[in-house]
Amino acid sequence: MLDLINISKTFNPNTINQKVALDGVSLHLDDGDFVTMIGSNGAGKSTLLNAIAGEWPVDSGRIIIDGNDVTGLSEHKRALWLGRVFQDPRLGTAATMQIIENLALAKRRGQKRGLKIGVTKAEKDEYREQLATLGLGLEDRLTEKVGLLSGGQRQALTLLMATLKKPKLLLLDEHTAALDPRTAQKVLTLSDQIVTENKLMTMMVTHNMKDAIRYGNRLIMMNAGHIILDIKGEEKQKLTVTDLMEQFVKTSGEELSDRALLS
Amino acid sequence: MNIGSLISALPGAVAQGLIWGIMAIGVYLTYKVLDIADLTVDGTMATGGAVCVMMLLNGANLWLAILCAVLAGMIAGLVTGIFHTAMGIPAILAGILTQLSLYSVNLAIMGFKANQGINFRTTRILISSRNVKVIGFENPIFIMIIVTALLIGVLYWFFGTELGASLRATGSNEHMARAQGINVNVSKIIGLMISNGIVALSSALYSQYQGAVDVNMGRGGIVIGLAAVIISSVIFGKIFHNFALKLMGVSLGAVIYYIVIQIVLWMGLNTNMLKLLSALVVAVFLAIPYWKGKFTKGARHA
């Protein structure tokens with residue numbers, strides 16, 4: 001379960017660049033909820049994910065993951081509950097380390113790291129199996145440096161790393177936006193498969209309305225730091241892109257941005 | 001120019017290179033593994049010797065003196081680490097601050113004298129330049145090869161552990177490290193402590209080798225350390241991929257550095273110009289990757 005209670009965040013307060021990024025956002029997710037999030041640029045989607053992950057402290061409000069109030073916890077402490085994939089494929093993996101070392105680091109997410117060996121023999125077989133499920137041939141390249149992989153491969157690896165130790169909440173922040181369309185589709189399908197199989201509570205930010213409708217059981221639209229639309233279950237299944245665009249204009253009172261229209 | 005005088009100077013150059021190679025390994029850990037340029041080492045390179053020599057002069061056991069020197073270096077690293085992480089001071093400046101304070105600290109340790117000597121006749125020491133041409137176990141080259149091998153062994157083991165891997169991850173990608181639950185501040189502090197502990201070990205050995213410690217012993221040390229790291233990556237970068245081999249390459253890099261210095265001096269360069277030469281050489285080699293990057297601009301990212 002995830003509870004966001006009245007989260008607010010203003011960047012650069014009291015300066016000319018002041019920006020209210022989140023304005024009293026409240027949200028409740030049940031275990032297994034797969035939420036897709038849309039909204040124009042600057043609506044607060046990624047900011048909300050970063051607030052949950054703890055990249056900076058929020059100005060007010062509370063964040064409760066699985067009954068634990070994490071509002072005051074630093075980013076690395078929250079990692080215990082969170083799996084994350086970022087927009088930039090380079091952010092989620094350590095380029096100068098081997099594929100297997102990256103996986104071993106992810107396997108120990110949230111655990112105390114001591115003087116035990118970093119990658120055990122038993123893990124090797126486990127990772128080989130797991131990598132094979134990605135269908136990218138990475139299972140034969142265990143000791144290669146991650147820096148040699150393509151963006152799509154790195155993103156798929158990051159996805160695997162984020163879910164290797166089952167997270168309470170998976171945060172996908174436009175994780176296919178930097179990939180070419182075909183690779184993006186592949187990574188998206190893979191994400192859906194992993195989320196569905198493991199029944200992971202997931203928040204996925206996307207700019208693509210069709211994807212937002214196709215995947216997940218719940219859809220949230222944000223605008224100007226607010227959640228302006230929250231559609232679940234059957235109602236979501238019947239959604240069309242046209243519905244969404246009409247809803248957006250109706251609720252926000254604004255025209256859709258070019259970027260959102262293009263999607 | 002007498003070739004004989006050069007050849008007779010070479011064993012000393014090799015021994016010095018091996019001792020500074022230990023220091024260069026410490027620099028490698030912060031500069032390459034943690035991705036921090038730590039200038040603390042210029043101070044630590046005298047601290048280790050100061051602690052070691054003063055303890056020996058006061059009749060302490062040799063091994064205890066070396067151990068305390070290492071601990072003193074680790075404390076220096078801890079201070080830089082706290083400046084950098086807890087107080088948010090940029091790493092380079094944090095190192096400079098510690099380095100500067102160490103100047104006073106080192107003098108204090110040395111009883112406010114700029115140098116302190118040890119008498120090899122009355123004090124038991126591990127290595128001495130006097131034995132550099134002796135064939136036997138007391139030869140500093142032989143001893144330094146063993147010390148280097150042991151150190152590389154320990155570091156190879158450590159950076160293969162969970163904790164060691166988290167340090168490498170911190171240096172490789174902080175963003176990823178945090179997302180995987182690694183406290184990057186703790187990683188950096190541990191890394192700086194290990195690095196400065198190793199530099200202090202080198203300092204303790206160097207002061208024994210010279211038979212004295214000088215408060216200016218470490219001045220420009222970071223440049224020598226970087227030179228060794230760069231020489232090693234230029235010469236061995238393509239062939240040494242294993243971490244232990246890379247560390248060995250750094251040690252060899254320091255040896256090559258000292259041999260080259262010896263040759264340059266033999267050719268008649270004024271000793272006082274050495275630091276200028278070293279700095280310029282390091283500057284050029286640091287620029288090479290940047291220049292290379294300019295030519296490959298527009299390359300597809302990720």
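Nothing in this text is a laboratory measurement; each read-out follows from the coordinates by a stated rule. Nothing here was measured: the structure is a model prediction, and the numbers come from that model. Positions of Cβ are backbone-derived with ideal geometry, glycine not excepted, and every protein chain shown enters the neighbour counts.
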- Under 7 Å by Cβ, and 6 or more places apart or on different chains, what pairs join a residue from the stretch B:90-102 that is under 13 Å from residue B:79 (Cβ atoms) with one that is polar (S, T, N, Q) and crowded, with 16+ Cβ neighbours inside 10 Å? B:94/B:80; B:95/B:40; B:95/B:80; B:98/B:40; B:98/B:80; B:99/B:40; B:102/B:44; B:102/B:47
- Task: Taking residue B:285 as the residue in question, decide whether it is surrounded by 16 or more Cβ atoms within 10 Å (Cβ to Cβ) and free of Cβ contacts under 8 Å to residues at least 60 places away in the same chain.
- Result: yes
- Consider residue A:32 carefully, then state whether it is away from every other protein chain (no Cβ under 11 Å), more than 29 Å from residue A:241 (Cβ to Cβ) and either surrounded by fewer than 22 Cβ atoms within 10 Å (Cβ to Cβ) or among the aliphatic types (A, V, I, L, M) (or both). no
- All-but-one check, residue B:234 against (1) of a type outside the set (Lys, Arg); (2) more than 14 Å from every other protein chain (Cβ to nearest Cβ); (3) over 26 Å from residue B:146 (Cβ atoms); (4) in contact (Cβ under 8 Å) with a residue 60 or more places away in the chain, failing number (4)
- Taking the stated definitions as given, is residue A:149 in contact (Cβ under 8 Å) with a residue 60 or more places away in the chain and over 15 Å from the mean Cα position of the chain (by Cα)? no
- Message: If a residue must be assigned to a helix (DSSP H, G or I) and either more than 10 Å from chain B (Cβ to nearest Cβ) or charged (D, E, K, R) (or both), how many such residues does the stretch A:124-152 contain?
- Response: 13
- Task: Give the residue, chosen from A:184, A:106, A:132, A:156, that is small (Gly, Ala, Ser) and more than 19 Å from the chain's Cα centre (by Cα).
- Result: A:132
- Query: Taking the stretch A:124-157, which residues are in contact with a His (Cβ under 9 Å, 6 or more places away or on another chain) and crowded, with 21+ Cβ neighbours inside 10 Å?
  - Reply: A:155
- Kindly list, by first and then second residue, each pair from a residue in the stretch B:113-131 that is among the small types (Gly, Ala, Ser) to a residue that is outside any helix (DSSP H, G or I), limited to pairs with Cβ atoms under 7 Å and residues at least 6 apart or on different chains. B:114/B:214; B:114/B:215; B:117/B:211; B:117/B:212; B:128/B:120; B:128/B:211
- Message: Condition check: crowded, with 24+ Cβ neighbours inside 10 Å and out of contact with any Gly (no Cβ under 8 Å at 6 or more places or on another chain). Does residue B:156 satisfy that?
- Response: no
- Yes or no: residue A:105 in a loop (DSSP other than H, G, I, E, B), within 14 Å of chain B (Cβ to nearest Cβ) and on the phi < 0 side of the Ramachandran plot? no
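Residues checked against (1) in contact (Cβ under 8 Å) with a residue 40 or more places away in the chain; (2) at positive phi; (3) out of contact with any helix residue (DSSP H, G or I) (no Cβ under 6 Å at 6 or more places or on another chain):
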{"residue": "B:42", "(1), (2), (3)": "yes, no, no"}
{"residue": "B:47", "(1), (2), (3)": "yes, no, no"}
{"residue": "B:53", "(1), (2), (3)": "yes, no, no"}
{"residue": "B:68", "(1), (2), (3)": "no, no, no"}
{"residue": "B:71", "(1), (2), (3)": "yes, no, yes"}
{"residue": "B:76", "(1), (2), (3)": "yes, no, no"}
{"residue": "B:83", "(1), (2), (3)": "no, no, no"}
{"residue": "B:87", "(1), (2), (3)": "no, no, yes"}
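Could you identify the single residue in A:54, A:39 that is at the interface with chain B (Cβ under 10 Å from one of its Cβ atoms), on the phi > 0 side of the Ramachandran plot and buried (at least 20 other Cβ atoms within 10 Å of the Cβ)?
A:54
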- Query: Does the stretch B:155-193 hold any residues that are acidic (Asp, Glu) and either within 14 Å of residue A:76 (Cα to Cα) or touching a helix residue (DSSP H, G or I) at 6+ places or on another chain (Cβ under 7 Å) (or both), and which are they?
  - Reply: B:174
- Report whether or not residue B:80 is surrounded by fewer than 22 Cβ atoms within 10 Å (Cβ to Cβ) and not acidic (Asp, Glu). no
- Since residue A:65 meets every condition but one in (1) of a type in the set (Val, Ile, Thr); (2) within 14 Å of another protein chain (Cβ to nearest Cβ); (3) surrounded by fewer than 17 Cβ atoms within 10 Å (Cβ to Cβ), which condition does it not meet? (3)
- Task: Search the stretch B:119-138 for residues being under 21 Å from the mean Cα position of the chain (by Cα) and polar (S, T, N, Q), and hand back the single one that is nearest to residue B:51 (Cα to Cα).
- Result: B:128
- Collect the residues in the stretch A:112-123 that are within 9 Å of chain B (Cβ to nearest Cβ) and surrounded by fewer than 13 Cβ atoms within 10 Å (Cβ to Cβ), keeping them in residue-number order. A:112, A:114, A:115, A:116
- Message: If a residue counts only when it is out of contact with any helix residue (DSSP H, G or I) (no Cβ under 8 Å at 6 or more places or on another chain) and touching a residue at least 12 places away in the same chain (Cβ under 8 Å), which strands (runs of 3 or more DSSP E) contained entirely in the stretch A:154-263 have at least 3 such residues?
- Response: A:226-232
- Given the stretch A:1-81, what strands (runs of 3 or more DSSP E) lie entirely inside it while holding 3 or more residues that are closer than 20 Å to residue A:224 by Cβ? A:2-11, A:19-29, A:34-38
- Select, from A:85, A:70, the only residue that is in contact with a His (Cβ under 6 Å, 6 or more places away or on another chain) and not charged (D, E, K, R). A:85
- Task: Go through the stretch A:87-100 residue by residue and tally those that are buried (at least 24 other Cβ atoms within 10 Å of the Cβ) and facing chain B (nearest Cβ under 8 Å).
- Result: 4
